[in-house]
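Heads up: the structure comes next, in structure tokens.
The values are calculated or read from the model by the stated rules, or taken from the named source; none is laboratory data. In this text, all values refer to a predicted model and were calculated from it rather than measured experimentally. Here the Cβ positions follow ideal geometry from the backbone for every residue, glycine too, while neighbour counts run over all protein chains shown.
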Amino acid sequence: MADRSNSDGGRTQAKPGAVVRAVRMQRGWTLAEVSRRTGLPISTLSKVENDKMSLTYDKLQRISEGLGVDISRLFGSPSPEPETPTVATGRRSIMRAGEGRTIETPNYGHLYPHADLLNKRFIPLIAEIRARSLDEFGELVRHSGEEYALVLEGEVELHTDMYAPVKLKTGDSIYFDSGMGHAYLKVGDARCRVLSICTGAESHLIAVSGAVDTDEASIEAEATAHAQGTRRIRRG
């Protein structure tokens with residue numbers, strides 16, 4: 001025999017109990033408080049939350065008004081439980097002037113601060129702008145996520161593949177979708193530096209820039225020199 005409490009001629013009956021309970025718990029209300037707001041007995045509301053009572057439109061309307069939600073909300077899925085507050089990890093990193101991971105490209109000189117922290121949620125970097133034209137810059141750079149840039153020194157012209165170029169002077173900033181192709185160009189002869197904050201993985205940002213990690217390059221050079229010296233000693 002078909003369960004007519006769940007369906008009738010192919011139509012699913014509304015069971016708003018889970019939604020009522022979720023909204024009530026989210027707001028920290030007791031059944032007594034909901035009873036006061038809706039004018040419905042506590043026993044009735046208890047049966048509603050446990051889906052042991054069919055509701056007329058009048059009762060649905062009183063509940064929606066009492067809870068302060070649209071009546072259509074009662075026919076949907078309950079909202080997810082609020083996330084448990086994240087426990088502070090206490091991690092931090094202090095960088096002194098002149099410290100950081102240096103990455104060199106033909107267009108930018110990048111300084112990645114706080115490289116000792118892994119899995120950062122956003123990547124800060126300080127870029128010294130070198131290229132002065134798109135011909136000199138080459139192919140536009142793009143990487144997933146978003147980017148914020150604040151001009152620290154000089155004047156920058158930002159080119160993207162979706163907007164007209166925009167000039168930014170010291171103190172100006174911009175926030176944009178870094179999935180767009182983009183290029184920072186230097187304007188004038190003065191030194192030009194930009195503080196940029198990007199979402200995404202640090203390794204990916206370095207890779208798409210075609211960069212050379214000077215720290216790793218120096219280590220590799222030292223290792224090569226050491227190996228060559230070792231070979232010379234053996235030959236001797």
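A quick yes/no check of all residues on (1) in contact with a strand residue (DSSP E or B) (Cβ under 7 Å, 6 or more places away or on another chain); (2) surrounded by 14 or more Cβ atoms within 10 Å (Cβ to Cβ); (3) aromatic (Phe, Trp, Tyr); (4) assigned to a helix (DSSP H, G or I):
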| residue | (1), (2), (3), (4) |
| --- | --- |
| Val48 | no, yes, no, yes |
| Ile63 | no, yes, no, yes |
| Ala97 | no, no, no, no |
| Leu111 | yes, yes, no, no |
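Do the conditions hold for His143, that is, is it over 18 Å from Pro113 (Cβ atoms), modelled with pLDDT under 95 and either of a type in the set (Phe, Trp, Tyr) or surrounded by 15 or more Cβ atoms within 10 Å (Cβ to Cβ) (or both)?
Working: over 18 Å from Pro113 (Cβ atoms): yes; modelled with pLDDT under 95: yes; either of a type in the set (Phe, Trp, Tyr) or surrounded by 15 or more Cβ atoms within 10 Å (Cβ to Cβ) (or both): yes.
Considered against the rule, which asks whether it is over 18 Å from Pro113 (Cβ atoms), modelled with pLDDT under 95 and either of a type in the set (Phe, Trp, Tyr) or surrounded by 15 or more Cβ atoms within 10 Å (Cβ to Cβ) (or both), His143 comes out as yes.
Would you point out the residue of segment 131-146, among those that are touching a Cys at 6+ places or on another chain (Cβ under 8 Å) and assigned to a loop (DSSP other than H, G, I, E, B), that is nearest to Cys198 (Cα to Cα)? Give the derivation first.
Filtering segment 131-146 for residues touching a Cys at 6+ places or on another chain (Cβ under 8 Å) gives 143, 145-146.
From what's left, assigned to a loop (DSSP other than H, G, I, E, B): 143, 145.
Numbers: His143: 9, Gly145: 7 Å.
Going through the qualifying residues, I end up with Gly145.
Of Ala127, Ala115, which residue is among the aliphatic types (A, V, I, L, M), under 19 Å from Thr199 (Cα atoms) and either at pLDDT 95 or above or outside any loop (DSSP other than H, G, I, E, B) (or both)?
Details: Ala115 fails: either at pLDDT 95 or above or outside any loop (DSSP other than H, G, I, E, B) (or both).
Checking each option against the conditions leaves just Ala127.
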Report summary line: Of the listed residues (Glu128, Glu157), the one being acidic (Asp, Glu), in the same structural domain as Val194 (by TED's automatic domain parsing), touching a residue at least 40 places away in the same chain (Cβ under 8 Å) and within 28 Å of Ala190 (Cβ to Cβ) is Glu128
